[in-house]
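Q: My structure is below; once you've seen it, I'll send some questions.
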Amino acid sequence: MQAILALDQGTTSTRAIAFGAGLKPLATAQVELPQHFPRPGWVEHDAGDIEVHSLRVLREAMAKAGLEPRQVAGLGITNQRETTLLWERDTGRPIGRAIVWQDRRTAETCDRLRSEEALVSARTGLLLDPYFSATKLGWLLDNTPGARAAAERGALCFGTVDCFLLHRLTEGRVHTTDATNAARTLLMDIRRGDWDEEMLALFRIPRACLPEIRDCAAEFGTTRLLGGEVAIRGMAGDQQAATIGQACFAPGMVKSTYGTGCFALLVTGEEPVASKHRLLTTIAWQLGGVRAYALEGSIFSAGATVQWLRDGLGIIAHAREAGEWAAKADPAQRVHLVPAFTGLGAPHWDAGARAALLGMTRGTTRAEICRAALESVAFQTADLLDAMRADWPAMGDCVLRVDGGMTASDWTMQFLAHLLGAPVDRPVVAETTALGAAWLAGHQAGLLPGPEAPATHWKLERRFSPTMSRDEARERHGDWKRAVGRVLG
């Protein structure tokens, strides 16, 4: 039997899945990843946790599936994007904690560079925001004694999580990233597919610390840390991997992933589409040196909002309870939660916005707050799809394919369909991020054919169809927009 391993290193957990014939999941292992909040707006991970947890879940998944290394045709890696690490090239020792994509410490740096945003956007497809890697990397170089000089002489390696894990899994032999992760750094020319000298100069980043950029399906080296040699053959950022796992290969197809944040990608084809509504132009995948592009909307808080209900407010004990309470809420109360815990992402891009609960009365209970938390995810998704239609009218009416932990909530998915006035399709295999990474590795290994393979294996678990009137949906969405207006700026 030949199997494929997928490593999905996310913001709040690290997961490995072993896939067998027909991309059928054989075994899964998962461990939670602690987050550190040293100051308001700062979010960090321990790089050692990321490395140790990744090896642990890979070994556990292999053991559960009864796999020997010789039976693994390839390993695919997918990861939380933009999270920034800097480590010693020779020893692999990180020079500090990883700065997570949610971190807002470089907001002032982005504001100082605001006059350059048109150039940055034209070259990288992104906007000037602390979300992306370049200003995080600059902060590490400027705030770690000796780091800038070491980086300039090539003694330090920069990477996003994929790159760091690849370097550690290959025991320091390979310092490489893939095109989708490179496209999220603010340092890559997404049309040429290489690091951009003007962006490096603007953000004061030494080229000597940057990794090589490769296709998403490629020979990335081998790891000897899983009991024998296993080839690493696939790599993509989590949202791009989910796009592949959802079989969204045709222009006009759109998927939305609900994890810690929410990320909607609309595939636009082989020519990048510049957004006029503050969406991101990004690389969807790169295969055989050919890039496909997408418009992306990024929401910073989706599952994190439910996590806040549980860990911050303590009004639920388990995430699944949010939907149960939401179903009990008083329909006459219109409470809104704007979850700007770390600012607002697309289409607002307001790093200074902060979360607010609006519209409460003396009769407001945990039921209305839970409903407002879940509704906020649907409202934000509607904002993104409205912007996508404005940027790319060919999108028209669409079916939204969804994945991620929050899609287990029938209540949330049904409200999303009501609000969008469009079908919402939930697949049988909800772990589409890992599925996409597995397809990349299997494709490179010669086990899986072209894009038709994910389409063949994609199966619908449930379709949520809208029944709310369009007038009511527009009214509800209008209420939401007014609530957002209260927290902007």
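The values are calculated or read from the model by the stated rules, or taken from the named source; none is laboratory data. Everything numeric here is computed off the predicted structure, so don't read it as measured data. Cβ atoms come from the backbone with ideal geometry, glycine included; neighbour counts cover every protein chain shown.
Q: Which residue, of Trp349, Trp392, Trp325, is over 30 Å from Thr281 (Cα atoms) and of a type outside the set (Lys, Arg)? Steps first, answer last, please.
A: On the way: Trp349 fails: over 30 Å from Thr281 (Cα atoms); Trp392 fails: over 30 Å from Thr281 (Cα atoms).
Matching residue, one of Trp349, Trp392, Trp325: Trp325.
Q: Then there is this: For Arg114, state whether it is surrounded by fewer than 19 Cβ atoms within 10 Å (Cβ to Cβ) and of a type in the set (Lys, Arg).
A: Here the answer is yes, as Arg114 does meet what is asked.
To keep it simple, each residue is scored yes or no on (1) in contact with a helix residue (DSSP H, G or I) (Cβ under 7 Å, 6 or more places away or on another chain); (2) among the hydrophobic types (A, V, I, L, M, F, W, C); (3) touching a residue at least 24 places away in the same chain (Cβ under 8 Å).
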residue: Ser121; (1), (2), (3): no, no, yes
residue: Thr124; (1), (2), (3): yes, no, yes
residue: Leu127; (1), (2), (3): yes, yes, yes
residue: Tyr131; (1), (2), (3): no, no, yes
residue: Lys136; (1), (2), (3): no, no, yes
residue: Leu141; (1), (2), (3): yes, yes, yes
residue: Glu152; (1), (2), (3): yes, no, yes
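Q: Looking only at the range 1-32, how many residues end up being touching a Ser or Thr at 6+ places or on another chain (Cβ under 8 Å), hydrophobic (A, V, I, L, M, F, W, C) and surrounded by fewer than 18 Cβ atoms within 10 Å (Cβ to Cβ)?
A: So the answer is 1.
Matching residues to (1) touching a Lys or Arg at 6+ places or on another chain (Cβ under 9 Å); (2) surrounded by 18 or more Cβ atoms within 10 Å (Cβ to Cβ); (3) of a type in the set (Gly, Ala, Ser); (4) more than 30 Å from Ser115 (Cα to Cα):
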| site | (1), (2), (3), (4) |
| --- | --- |
| Glu171 | yes, no, no, yes |
| Asp178 | yes, yes, no, no |
| Leu187 | no, yes, no, no |
| Met199 | yes, yes, no, no |
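Every residue, every condition in (1) surrounded by 19 or more Cβ atoms within 10 Å (Cβ to Cβ); (2) touching a helix residue (DSSP H, G or I) at 6+ places or on another chain (Cβ under 8 Å), yes or no:
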| site | (1), (2) |
| --- | --- |
| Pro34 | no, yes |
| Asp46 | no, no |
| Ile50 | yes, yes |
| Glu60 | no, no |
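Q: Further question: Is there any pair linking a residue in the range 270-297 that is aliphatic (A, V, I, L, M) to one that is surrounded by fewer than 18 Cβ atoms within 10 Å (Cβ to Cβ) and outside any loop (DSSP other than H, G, I, E, B), with Cβ under 7 Å and at least six apart or on different chains, and which?
A: Listed pairs, sorted by first residue: Ala292/Gly269.
Q: Still on this structure, please answer the following. Being modelled with pLDDT of 90 or more, of a type outside the set (S, T, N, Q), within 23 Å of the chain's Cα centre (by Cα) and outside any strand (DSSP E or B): is that true of Arg291 here?
A: So Arg291 fails the test.
Q: Name the one entry in Leu5, Leu86 that is farther than 22 Å from Thr432 by Cβ, assigned to a strand (DSSP E or B) and not β-branched (Val, Ile, Thr).
A: Leu86 is the lone residue from the list that is farther than 22 Å from Thr432 by Cβ, assigned to a strand (DSSP E or B) and not β-branched (Val, Ile, Thr).
Q: Which one of these does Thr91 not meet: (1) among the polar types (S, T, N, Q); (2) at pLDDT 95 or above; (3) farther than 19 Å from Trp349 by Cβ?
A: That leaves (2) as the condition not met.
Q: Let me ask something else about it. Kindly indicate whether any position in the range 373-389 is surrounded by fewer than 20 Cβ atoms within 10 Å (Cβ to Cβ) and either at positive phi or not in a helix (DSSP H, G or I) (or both).
A: Within the range 373-389 (the criterion being surrounded by fewer than 20 Cβ atoms within 10 Å (Cβ to Cβ) and either at positive phi or not in a helix (DSSP H, G or I) (or both)), the answer is no, since none of the residues qualifies.
Q: Filter the range 248-267 down to the residues that are farther than 18 Å from Gln102 by Cβ and crowded, with 23+ Cβ neighbours inside 10 Å and list them by number.
A: Selection gives Cys248, Val254, Lys255, Ser256, Leu265, Leu266.
Condition check ((1) closer than 30 Å to Pro25 by Cα; (2) of a type outside the set (Phe, Trp, Tyr); (3) under 22 Å from the mean Cα position of the chain (by Cα)) across all residues:
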| site | (1), (2), (3) |
| --- | --- |
| Trp42 | no, no, yes |
| Val52 | yes, yes, yes |
| Arg59 | yes, yes, no |
| Gly74 | yes, yes, no |
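Q: If you take the residues of the range 335-353 that are at pLDDT 90 or above and in a loop (DSSP other than H, G, I, E, B), which of them is surrounded by the most Cβ atoms within 10 Å (Cβ to Cβ)?
A: Among them, the one singled out is Pro339.
Q: Let me ask something additional. Condition first: within 23 Å of the chain's Cα centre (by Cα), within 22 Å of Lys255 (Cα to Cα), part of a helix (DSSP H, G or I) and of a type in the set (A, V, I, L, M, F, W, C). Can you find one or more residues in the range 463-474 that meet it?
A: Checking the range 463-474: not a single residue is within 23 Å of the chain's Cα centre (by Cα), within 22 Å of Lys255 (Cα to Cα), part of a helix (DSSP H, G or I) and of a type in the set (A, V, I, L, M, F, W, C).
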